[in-house]
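S.K.: What follows is a structure written as structure tokens; I'll ask about it next.
Rule-based calculations on the coordinates, nothing more; no lab input. Values in this document were obtained by computation on a predicted structure and should not be read as measured data. Cβ coordinates were reconstructed from backbone atoms using ideal geometry, including for glycine residues, and neighbour counts include every protein chain displayed.
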Amino acid sequence: MTTLDATDARLLLELSCSPRATGVELAHRLGLSRNTVQARLARWEGSGVLSGFDRLVDPRALGYPLAAYVATRVDQHRLDDVVDELADIPEVVEVSGLTGLTDLSVKVVATDADDLYRLAGQILKIPGVERTNMALVMRELVAPRTAPLLARVAGR
């Protein structure tokens, strides 16, 4: 992963405010050359600094109004296989490895309570999954964000 400097942060902040802005527009607004902007954008896309478009699509708009976090305990010898199986479930939108009593935090989305029940059973059937505990998301209070961090790095 590339470490970003203040110019990178300023450019990413501007891009987050105006995601459809062209490289020329961004360069003009920030007083940078068009080549500098294009080179940085290309570097970020290549290194994974800018993630995919699909993270911006709200699952509710796709008919998945329910979300839950599934705390999952796993046989450590089968961790990679469990993660591969989880990645094959379309309703699994995020998996994070954790320290402590829970090994994985698995965020799932569902169409309704019956669908959520089905997903819980599907996760429990994965060889290597020992135990789960589900918490339903009632409301997202702070959406995933990086703008405050970008502003700090940019010196604003």
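S.K.: Over all directions, how big on average is the projection of the convex hull of the alpha-carbon atoms in the stretch 17-87, in square nanometres?
M.R.: So the Cα hull casts an average projection of 7.8 nm².
S.K.: ³J(HN,Hα) across the stretch 60-75 via Karplus (A = 6.51, B = -1.76, C = 1.60, θ = phi - 60°), whole Hz, x for Gly/Pro?
M.R.: Calculated HN-Hα couplings, in order: 4, 5, 9, x, 10, x, 9, 9, 8, 9, 10, 6, 10, 9, 10, 5 Hz.
S.K.: When the dipole is taken about the Cα centre of the chain, and only Lys, Arg (+1) and Asp, Glu (-1) are charged at their Cβ, what size is it in debye, to the nearest 20?
M.R.: Values: 18 positive and 21 negative charges, 180 e Å.
Roughly 860 debye, rounded to the nearest 20.
S.K.: I'd like the projected area of the chain, averaged over all directions, using the convex hull of its alpha carbons. Report it in nm² with one decimal. Intermediate results must be reported in sequence, preceding the final value.
M.R.: Values: hull surface 44.6 nm².
One quarter of the hull surface, i.e. the mean projection, equals 11.2 nm².
S.K.: So, one more: For the stretch 71-128, run through the trypsin sites (Lys or Arg not before Pro) and keep only the ones in DSSP coil with at most 13 other Cβ atoms within 10 Å of their Cβ.
M.R.: Details: sites: 73, 78, 107, 118, 125; in loops: 125.
The qualifying sites are 125.
S.K.: Work from the charge dipole of the stretch 6-156 (Cβ charges, +1 for Lys and Arg, -1 for Asp and Glu, about the Cα centre) and give the residue of 33, 18, 76 farthest towards its positive end.
M.R.: Farthest towards the positive pole: 33.
S.K.: Okay, moving on. Can you compute the FRET efficiency between residue 134 and residue 45 using 1/(1 + (r/R0)^6), with r the Cβ-Cβ distance and R0 = 41 Å? Round to the nearest 0.05.
M.R.: Details: r = 35 Å, r/R0 = 0.86.
E between residue 134 and residue 45, to the nearest 0.05, is 0.70.
S.K.: In a Gaussian network model over the chain where Cα atoms closer than 10 Å are linked, find which of 116, 98, 86 has the largest mean-square fluctuation.
M.R.: Answer for the Gaussian network model of the chain: 98.
S.K.: Just 72, 22, 111 to compare: in a GNM of the chain, with alpha carbon springs under 10 Å, which one fluctuates most?
M.R.: 22
S.K.: Follow-up question, since we're still on this one. Give the distance, in whole Å, between the Cα centre of the stretch 24-58 and the Cα centre of the stretch 87-106.
M.R.: Distance between centres, Cα-based: 29 Å.
S.K.: Ok, one more. Could you derive backbone 3J(HN,Hα) for the stretch 103-116 from the dihedral phi with the Karplus parameters 6.51, -1.76 and 1.60 (θ = phi - 60°), listing whole Hz in sequence and x where the residue is Gly or Pro?
M.R.: Running phi through 6.51 cos²θ - 1.76 cosθ + 1.60 with θ = phi - 60° gives 8, 10, 10, 10, 8, 10, 10, 8, 7, 6, 4, 5, 5, 5 Hz.
S.K.: As a check on your grasp of the helix formula, calculate [θ] at 222 nm for the chain: sum -39500 (n - 2.57) over DSSP H runs of n ≥ 4, divide by the residue count, round to the nearest 500. Please report the intermediate quantities before stating the final value.
M.R.: Numbers: 6 runs with 63 residues, N = 156.
That calculation yields -12000 deg cm²/dmol at 222 nm.
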